[in-house]
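A quick write-up on the structure given underneath.
The values are calculated or read from the model by the stated rules, or taken from the named source; none is laboratory data. Everything numeric here is computed off the predicted structure, so don't read it as measured data. Don't worry about glycine lacking a Cβ; one is built from the backbone with ideal geometry, like all the others, and counts go over all protein chains shown. Remember, those area values only see protein heavy atoms, side chains included, never the ligands or the DNA or RNA. Shrake-Rupley method; radii C 1.70, N 1.55, O 1.52, S 1.80 Å.
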Amino acid sequence: MNKSIILLMTLALCAGQPAEAKKKQKTTPPEKKEAPVKNGLFSVQKEGDKWFWLVPDSLLGRPFLAITRYVATPSGEQVYGGEEVTEQTFYWEKSADNRLMLRSLTYLSVADSSQAIMKAVKASAENPIVEAFKIEKTRKDSAGTSYKVEIGKLFARENMAVGFDDNTKKRLNITMMNTDRSYIKAIHTYPINTEVKTVRTYGSKDTGGQTYTGTGVKTFEMNTSFVLLPKVPMRKRLFDKRVGYFTNYYTPYDDKQQSVKSKQFIVRWRLEPKEEDIEKMKRGELVEPKKQIVYYIDPATPK
């Protein structure tokens, strides 16, 4: 065949191909759909096996109580569902490197901000950082600004603030937490509280007796309640040893004092009369409280 004819056929074939076929097509991947949000004190998102909280900017610095209790326990341990494991007061703080810090609020030493000694008290009473979280996303909507953090890391490894302290572990004959057999079971959130249910498995040192399982591990189901505390705290009531109450200790500092003396304030319920009943209460009459104390009974409780 003539060389010129072959060249013309080749050119014709090339000319017949669309220009787009010569270039590698570029397609934009579809935008990842965001997981639904359950709104509450800390709004909750679950993406795959990861749990996230949306922490409102308005709650930074606000104290909230975290109480961890048993839900289900190994047989023969002498601890039962509903019993308290630990109790802490926390607050959120945004750091200079754009992370959220979960700090434990300790109330052992206090001084008025107008006193010069306040600087020394503050310098010797740094609140511990329980956990640091990377801000995954800053979200802004009609409700305000919130910060998305992966809350699962707080429960993914041993943490005394929401788990066992060394004395409890010793009493239960357990060792390190097995992270591959521990997980968040569920998170439910409400206007003033967020509930985290976890399953935790620990190595066991038991070699016999009533609690021996022959597996070398013990599994506990636990629940941690995060409850927002009032913005305006209840006024302290000082303790007098002539009257029996449960109390907490703290140490007040002042520029004029020559020695340091600890004080105690009474641990009590916030019971306040209704506005229309204040005068009746002052006269010694029995009145209904503005907000009653409500106990929730476990449905497994025997009649």
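Per the conditions (1) over 30 Å from Asp180 (Cα atoms); (2) open to solvent by less than 80 Å² (accessible area, probe 1.4 Å); (3) not hydroxyl-bearing (Ser, Thr, Tyr), the sole criterion not satisfied by Val227 is (1).
Across the stretch 104-162, the number of residues qualifying as loosely packed, with under 12 Cβ neighbours inside 10 Å, charged (D, E, K, R) and part of a loop (DSSP other than H, G, I, E, B) comes to 1. Those strands (runs of 3 or more DSSP E) of the stretch 171-282 in which at least 1 residues are free of Cβ contacts under 8 Å to residues at least 12 places away in the same chain, considering only elements entirely within it, cover 183-189. Answer yes or no as to whether Phe226 is over 29 Å from Leu59 (Cβ atoms), touching a Ser or Thr at 6+ places or on another chain (Cβ under 8 Å) and at pLDDT 95 or above. No.
Is it fair to say Glu126 is out of contact with any His (no Cβ under 6 Å at 6 or more places or on another chain) and either modelled with pLDDT under 95 or farther than 27 Å from Val71 by Cβ (or both)? Spelling it out, Glu126 is indeed out of contact with any His (no Cβ under 6 Å at 6 or more places or on another chain) and either modelled with pLDDT under 95 or farther than 27 Å from Val71 by Cβ (or both).
Can you pull out every residue in the stretch 81-102 that is open to solvent by 50 Å² or more (accessible area, probe 1.4 Å), of a type outside the set (Asp, Glu) and part of a strand (DSSP E or B)?
Answer for the stretch 81-102, where residues must be open to solvent by 50 Å² or more (accessible area, probe 1.4 Å), of a type outside the set (Asp, Glu) and part of a strand (DSSP E or B): Gln88, Lys94, Arg99.
Among what's in the stretch 238-276 and is closer than 30 Å to Lys119 by Cβ and of a type in the set (A, V, I, L, M), pick the residue that is farthest from the chain's Cα centre (by Cα). Out of the qualifying residues, it is Val260. Just one of the listed residues (Ser75, Ser95) is polar (S, T, N, Q) and over 29 Å from Lys169 (Cβ atoms), and it is Ser95. Are any residues in the stretch 283-303 open to solvent by less than 100 Å² (accessible area, probe 1.4 Å), without any contact (Cβ under 8 Å) to a residue 40 or more places away in the chain and of a type in the set (A, V, I, L, M, F, W, C), and if so, which ones? Answer for the stretch 283-303, where residues must be open to solvent by less than 100 Å² (accessible area, probe 1.4 Å), without any contact (Cβ under 8 Å) to a residue 40 or more places away in the chain and of a type in the set (A, V, I, L, M, F, W, C): Val287, Ile293, Val294.
Against the test of being surrounded by 12 or more Cβ atoms within 10 Å (Cβ to Cβ), of a type in the set (Lys, Arg) and over 16 Å from Tyr147 (Cβ atoms), the options Arg62, Arg69 yield a single qualifying residue, Arg69.
Which of the residues that make up the stretch 178-208 are crowded, with 19+ Cβ neighbours inside 10 Å, farther than 13 Å from Glu221 by Cα and in contact with a Lys or Arg (Cβ under 7 Å, 6 or more places away or on another chain)? Residues satisfying the conditions are Thr189, Ser204.
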